[in-house]
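Enquirer: Dropping the structure in here first, questions after.
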Amino acid sequence: MRSLGLLASALALTACVMVKTEGTSGPLAWRVADPAIVPRNIHGQSVETYDFNLVVRNVTDRSVTLTRMERTIYGAGGGAPGRSTEAGRWELKPGAEQKFPLYSYEYCSDSQGCLYRGHNQPLWQILFTGSDDQNRQVESRFDIMLPPRPPLKPAELAPNRRP
């Protein structure tokens, strides 16, 4: 009987959706703002992107200049992660915020379509590097787990009917 209770508890835990949309790492506090599903045309294919703003705030008493943002995006269900790096110069005085608009999408090249499309829960790994106003290196690493995307609306395949 005890093993049935443990099994039920384990199943309940795995059914929970993990979400992480804020935190602190190194000199930065971060949060996800304004998540939305946005239609776009990418590589000649109509896709619905999962957009959000990443808001980072300098939580130190020193000015920080971020010069590099590395992003890795993992989609639920596997597949190769997407990676990109952006160089820049983002200066943050103590308490100042910077907003970074980001999005992800699933690209499908299967001739029969992709069954998993539109249901993923992206995991973003972000690494910011730079220096503070005393020329000391700074680094902030964090994982963002967005809520699962709502499923795509089913397409109407039947011809229009008049009542």
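The values are calculated or read from the model by the stated rules, or taken from the named source; none is laboratory data. All of these numbers come straight from a predicted model, not from anything done at the bench. Side chains are part of the model used for accessible areas, which takes the heavy atoms of the whole protein and leaves out ligands, DNA and RNA. Shrake-Rupley method; radii C 1.70, N 1.55, O 1.52, S 1.80 Å.
Enquirer: Counting only protein heavy atoms, what percent of the accessible surface of the range 30-70 is carbon or sulfur at a 1.4 Å probe?
Expert: Here carbon and sulfur together make up 42 percent of the probe-accessible area.
Enquirer: Also: Suppose the chain between residue 91 and residue 60 were pulled fully straight at 0.36 nm per residue; how much longer would it get relative to their current alpha carbon spacing? Before the final figure, lay out the partial values.
Expert: Numbers: separation 31, 0.36 × 31 = 11.16 nm, distance 1.29 nm.
This chain segment gains 9.9 nm when fully extended.
Enquirer: State the extension gain, in nm to one decimal, for the chain segment bounded by residue 127 and residue 80, taking 0.36 nm per residue of separation less the distance between their alpha-carbons.
Expert: Gain in length upon complete extension: 15.0 nm.
Enquirer: Taking 0.36 nm per intervening residue step and subtracting the Cα-Cα distance, what contour gain separates residue 137 from residue 46 on full extension?
Expert: That works out to 28.6 nm of additional length.
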